[in-house]
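The values are calculated or read from the model by the stated rules, or taken from the named source; none is laboratory data. Being a predicted model, the structure only gives us computed values, none of them experimental. No Cβ is skipped: glycine too gets one built from the backbone with ideal geometry, and neighbour counts run over all protein chains shown.
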Amino acid sequence: MTVEWQTGYKIGDAEADAMQEKLFALTNAFLASDDLTVLRSTIVSLCKQARAQFELEEALMRRTNYPGLEEHMAQHHTLLDRLIGRSMDVGKGYMNKPAIAALMRDWCERHVPEEDAKLGRFLAASQSA
């Protein structure tokens, strides 16, 4: 099962939107593979991509005085901590693909359409004001 990027997930910032779409693509690459070498490199890429994307989103939220900044950042940190923990497990020779898949699916299917959508609405309202 894959996660589907939808144009409706865009928040209105071209760079953040492109990074989010890439995170979906990396998630799908992870979900599609059973090759341990590919899975290992993909989880490293997922960690790097998530960190870069979250830093960009958080800077955007600070710049625009987004009222949900603290809660949104906490969700970012939780995902990143869990993802890094799973990545470290992989480094120790333990691949829990179902747990990583569930983590990323939840992120793509819950956080993005719900929490990032709030940010997108805020940015759209700010630009039209």
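The selection criterion, being outside any helix (DSSP H, G or I), surrounded by 15 or more Cβ atoms within 10 Å (Cβ to Cβ) and on the phi < 0 side of the Ramachandran plot, does not hold for Tyr94. Name the single residue, out of those in segment 40-64 being under 18 Å from Ile100 (Cα atoms) and free of Cβ contacts under 8 Å to residues at least 12 places away in the same chain, that is surrounded by the fewest Cβ atoms within 10 Å (Cβ to Cβ). Taking the candidates together, the pick is Lys48. Quick check on Ala117: is it in a helix (DSSP H, G or I) and farther than 18 Å from Met19 by Cα? The answer is no for Ala117. Exactly one residue out of Met104, Met88 is of a type in the set (A, V, I, L, M), assigned to a helix (DSSP H, G or I) and without any contact (Cβ under 8 Å) to a residue 24 or more places away in the chain: that is Met88. Is there a residue being at pLDDT 95 or above, within 15 Å of the chain's Cα centre (by Cα) and among the aliphatic types (A, V, I, L, M) anywhere in segment 83-99? So far as segment 83-99 goes, no, none of its residues is at pLDDT 95 or above, within 15 Å of the chain's Cα centre (by Cα) and among the aliphatic types (A, V, I, L, M). Here Ala125, Ala99 are screened, and the one residue that is in a helix (DSSP H, G or I), under 19 Å from Ser41 (Cβ atoms) and either free of Cβ contacts under 8 Å to residues at least 24 places away in the same chain or touching a Cys at 6+ places or on another chain (Cβ under 6 Å) (or both) is Ala99.
Scanning segment 23-39 for residues that are surrounded by 16 or more Cβ atoms within 10 Å (Cβ to Cβ) and free of Cβ contacts under 8 Å to residues at least 60 places away in the same chain gives Leu26, Asn28, Ala29, Leu39.
Residues that are crowded, with 16+ Cβ neighbours inside 10 Å and either among the hydrophobic types (A, V, I, L, M, F, W, C) or more than 19 Å from the chain's Cα centre (by Cα) (or both) within segment 102-127 comprise Leu103, Met104, Trp107, Cys108, Val112, Leu119, Phe122, Leu123, listed in sequence order. Taking the criterion of being outside any helix (DSSP H, G or I) and at pLDDT 95 or above, the residues of segment 32-67 that qualify are Thr64, Asn65, Tyr66, Pro67.
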